[in-house]
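A short reminder: the numbers here are calculations on the coordinates, not readings from a lab. In this text, all values refer to a predicted model and were calculated from it rather than measured experimentally. Counting neighbours? That spans all protein chains shown, and the Cβs are built from the backbone with ideal geometry, glycine included.
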Amino acid sequence: MSTYRDKFIKYLAVSVFCLLIYLVYNHFSHGVHSPYMTYLFAWPLILGALPSLLLTIRERAFRRHACASKTAARRQDEPVIAAGLYRTGLAAVTVSSLLRGILEIAGTSSVYQSRLMWVGAGLMVIGGVSWMLARRSRSKNIIYSKRPNVQ
Amino acid sequence: MRKKEKKRSWWGIATAVTLAAYSAFTLLDAFVIPKNVISAEAVTQTVYAGTGEEDDGTASGSVSNVEKNASDSSNDSEIVITDNSYTSDDVEITITEMTVDDSRVYVADIQLSDPSLLLSGLADNSFGQNVTETTSEIASDVGAILAINGDFYGFRDSGYVMRNGYLYRSTGGGDQEDLVVYSDGTMEIINESDVTAEELQAAGATQIYSFGPGLVDDGEIIVGPNDEVDQAMTSNPRTAIGQISDGHYVCVVSDGRTNESEGLTLYQLASVMQDLGCTVAYNLDGGGSSTMVFNGEVINNPTSGHGIKERSVSDIVYIQG
């Protein structure tokens, strides 16, 4: 199972990839810019790598003060669907930003691009809120339960 | 544990495939798939079938009038064509080249006895998004002696579009500045937030181009030194059209994005138009679209991608030969 540190590294790699896309596209765009292309790397960096980094730090702090079994329990209790929704939303927002950059540089727009942005943002909000709620309730279970649900 | 991992990987694959397919569709929709296509020929035929005669006072009637006048005027006149000029009873065109701030600029000075000879041509003789041909192909189709690229209306889904008297699109684009050509040949720069396309039609407009911005109005430059088209903040190939006096127009195309010709900023272009004596001047689509065709030959160096090549566009502005 991947740790938050692994996720942080993956999101960082995606951010670097987005930066490379911008640099290559910028080379062929005759000096025409779009902030959605220029700052494409910021989506996975701010909304992916940064939360993962914070969770890595939190996890380490938790590990120092709690027993290993509780740490393992927290990891296994990752709300899969909520996290999946968030990741899917972030991917949609990033791809939508890339599309908008391409369209803006070409001087046009598309209703399908903006729809993708809204869908992505919606999934992120739903995923993020569900994730926090699920983590909160499961943390309570771990803290108050004498026998954590460790398989 | 494994089950969860498997679920995750399927989720990831499904997300990637869905986003890739959606992106491909969005790009095809924006750049390739023709949409909302209206045949200009059908528009004219509808007019004839509906009225039995050209002028019924509607916009569609104007289409017939404009085209009929143009074809009548071009008949039976003595024509003299050189490498850089065209002279007939109704049309005088002189092409000159100049260098402005390290940029090659092509100027077509046009004198018309009949303003209806200033016309618009559509790619594939049809209105629609992603319906494109090169400027020289459209010019050849319509028999133009001089043509420049138009406003590339097909790249946007808003902004008034009127061509040869027919109103194809009346959806405004907010604060968009348009160039209106009236039936008497007068050019005017309007703002779409101030007037509807239908009002312009009622006022006698025959052409409305929506790209912009306006460069010169009442002989004064109306763009600032740092104004640009959308996100572009650089020198570029440019296309502009302007009016000097009644029946006297000027079309300007500048090369750009090459070592030989850097390209003009909007302000530089506006200065060129003002220096040529324009009372009204307007910026049309530029960049790779900028093309000037005279007597069947492309006379500038259009840049498409990283080579000298004509880009396909939605429409042209032309003088009937």
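How do A:His33, A:His27 rank when sorted from fewest to most other Cβ atoms within 10 Å of their own Cβ?
Fewest-to-most ranking of A:His33, A:His27: A:His27, A:His33.
Amide H neighbours of B:Ser126 under 5 Å, counting only residues 5+ apart in sequence or on other chains, H built in-plane at 1.01 Å?
For B:Ser126, the qualifying residues are B:Ala40.
What is the set of long-range amide H partners of B:Phe211 at a cut-off below 5 Å, with H atoms built 1.01 Å from backbone N?
Correct list: B:Leu179.
Just to be sure I understand the model, the point goes 7 Å from the Cα along the line to the Cβ. What's the resulting A:Leu20 to B:Ser9 distance in nm?
It works out to 2.3 nm between the two label points.
Over all distinct alpha-carbon pairs, what is the Kirkwood Rh of region A:4-144 in angstrom?
Its Kirkwood hydrodynamic radius stands at 16.6 Å.
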